[in-house]
Amino acid sequence: MDTHDAQEARLSRDALTDVPGLRVGHAQRTGDGWLTGTTVVLAPEGGAVAGVDARGGAPGTRETDALDPRNVVERIHAVVLSGGSAFGLDAASGTMGWLEEQGRGVPVGPDPSQVVPVVPAAVIFDLGRGGSWQARPDAALGREATEAAARTEEGAPVTEGCVGAGTGAVVGGLKGGIGTASKRLPSGVVVGVLVALNAAGSATDPATGALYGELAGGRPRIPSEDEHAEAEMLLAEAREETGRRTAGSLRPALNTTLAVVATDAALSKPQAQRLAGSAHDGLARAVRPIHLMHDGDAVFSLSTGERPLDAAEFNDVLAAGADVVTRAVVKAVRAAEGVDGPGGVFPSYRDLYGDGEPLQGPRDEDFPEG
């Protein structure tokens with residue numbers, strides 16, 4: 001297989017790992033009070049230029065100031081997405097420890113082992129959804145997810161649904177999870193994304209049950225009126241039952257959706273920050289409402305810098321970032337599996353509407369530009 005064929009085969013996975021050099025690993029705990037996990041996006045050994053844009057009113061983050069274009073850090077070495085609310089930020093320590101052992105980080109001394117890995121992190125709120133308030137990711141789980149990423153081959157598929165940071169995720173009362181997507185521009189530049197969907201808002205149109213993300217692409221599967229009425233009844237029953245259990249019923253709802261959008265185009269730190277901001281447009285198309293005061297919605301952006309990018313094409317990268325985020329949200333909802341446990345009842349979209357795929361799957365070119 002020649003290089004072009006190999007690239008096309010990799011891109012067919014429709015995943016963040018279609019961006020060469022990036023690897024993704026998940027680790028999770030379920031049962032015995034647990035329903036949470038951690039996802040690590042491992043940058044190439046030389047690191048990646050990065051940006052961040054947090055728009056929720058209650059972000060839980062670590063090392064995001066380092067990504068400010070005014071500050072000294074040029075490259076980061078991994079991004080950690082985790083459950084556990086602020087407690088889950090501990091997971092990044094496990095990733096840092098693994099990177100230090102590999103000698104990957106910012107050199108700070110004469111010995112090659114003297115490095116400080118830069119590991120931005122953000123967390124979702126999933127406390128209590130497995131039944132135990134104390135069941136939350138720690139450094140050991142962060143290391144496990146990092147090692148899982150390191151074991152994968154370049155371009156490996158990314159598992160979606162209720163894994164990693166998406167294990168305890170919920171969206172509008174439905175089960176959320178991990179989704180991923182990618183797009184290749186005419187120049188060959190690749191833009192990919194991974195989303196941990198955990199929103200107080202809904203991914204479905206309340207009038208029809210169709211997914212907002214599919215409506216945005218103009219090719220949704222519209223459930224029948226009877227199908228939607230039955231689904232609404234089942235969802236109401238699930239919410240009522242959850243209200244009799246633990247923290248899954250907190251009001252106002254505490255959530256947070258996280259994403260990592262990446263490209264192999266060479267971006268500066270200001271451009272990376274702009275990409276992170278534009279990717280939020282994709283969330284706004286697919287989840288309504290979004291960026292609420294009790295959400296911590298944040299998007300990280302990564303540039304591996306393998307391909308030159310002219311000024312005009314940067315707009316195409318921005319538009320693609322939003323497009324793939326919308327599709328990744330749809331894929332997260334469709335991949336999720338329902339949960340009925342001590343922390344609450346969270347049916348999946350498939351539980352309510354079956355396994356039917358969209359009548360004609362949304363394509364990147366169907367989304368509005370920008």
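The values are calculated or read from the model by the stated rules, or taken from the named source; none is laboratory data. Note that this is a predicted model, so its numbers are computed, not measured. With ideal geometry, Cβ positions are generated from the backbone for all residues, glycine too; neighbour counts draw on all protein chains shown. When the accessible area is computed, the model is the full protein with side chains, heavy atoms only, and any ligands, DNA or RNA have been set aside. Shrake-Rupley method; radii C 1.70, N 1.55, O 1.52, S 1.80 Å.
I'd like to check which helices (runs of 4 or more DSSP H) are fully inside segment 196-296 and have at least 3 residues that are at pLDDT below 95, more than 30 Å from P120 (Cβ to Cβ) and among the hydrophobic types (A, V, I, L, M, F, W, C). Give the steps one after another, and end with the answer.
Details: elements: 212-216, 225-242, 269-286.
Qualifying helices (runs of 4 or more DSSP H): 225-242.
So, A122, is that one under 19 Å from the mean Cα position of the chain (by Cα) and part of a helix (DSSP H, G or I) or not? Give the steps one after another, and end with the answer.
Working: under 19 Å from the mean Cα position of the chain (by Cα): yes; part of a helix (DSSP H, G or I): no.
Against the criterion (under 19 Å from the mean Cα position of the chain (by Cα) and part of a helix (DSSP H, G or I)), A122 does not qualify.
Determine, yes or no, whether G51 is of a type outside the set (A, V, I, L, M, F, W, C) and either surrounded by fewer than 23 Cβ atoms within 10 Å (Cβ to Cβ) or assigned to a strand (DSSP E or B) (or both).
yes
Go through segment 57-91 and report how many residues are farther than 21 Å from P270 by Cβ, open to solvent by 10 Å² or more (accessible area, probe 1.4 Å) and either at pLDDT below 95 or not in a strand (DSSP E or B) (or both). Give the steps one after another, and end with the answer.
Of segment 57-91, the ones farther than 21 Å from P270 by Cβ are 57-58, 60, 62, 78, 80-91.
Narrowing further to those that are open to solvent by 10 Å² or more (accessible area, probe 1.4 Å): 57-58, 60, 62, 85-87, 89-90.
Applying the additional criterion that residues be either at pLDDT below 95 or not in a strand (DSSP E or B) (or both) yields 57-58, 60, 85-87, 89-90.
Matching residues across segment 57-91 total 8.
Would you please name the residue that is nearest to L211 (Cα to Cα), looking only at residues in segment 347-370 that are modelled with pLDDT of 95 or more and not in a helix (DSSP H, G or I)?
Across segment 347-370, the extreme among qualifying residues is S348.
Here is a list: R23, R29. Which entry is closer than 14 Å to A165 by Cβ and among the charged types (D, E, K, R)? If you could, list the steps in order and put the result at the bottom.
Numbers: R23 fails: closer than 14 Å to A165 by Cβ.
None of the others qualify; the one that does is R29.
Among the numbered criteria (1) under 18 Å from V170 (Cα atoms); (2) in contact with a Gly (Cβ under 9 Å, 6 or more places away or on another chain); (3) at pLDDT 90 or above, which single criterion is violated by A319?
(1) is the only condition that A319 fails.
Taking the condition out of contact with any Gly (no Cβ under 8 Å at 6 or more places or on another chain), assigned to a loop (DSSP other than H, G, I, E, B), surrounded by fewer than 23 Cβ atoms within 10 Å (Cβ to Cβ) and not hydrophobic (A, V, I, L, M, F, W, C), does G103 pass?
Values: out of contact with any Gly (no Cβ under 8 Å at 6 or more places or on another chain): yes; assigned to a loop (DSSP other than H, G, I, E, B): yes; surrounded by fewer than 23 Cβ atoms within 10 Å (Cβ to Cβ): yes; not hydrophobic (A, V, I, L, M, F, W, C): yes.
Here the answer is yes, as G103 does meet what is asked.
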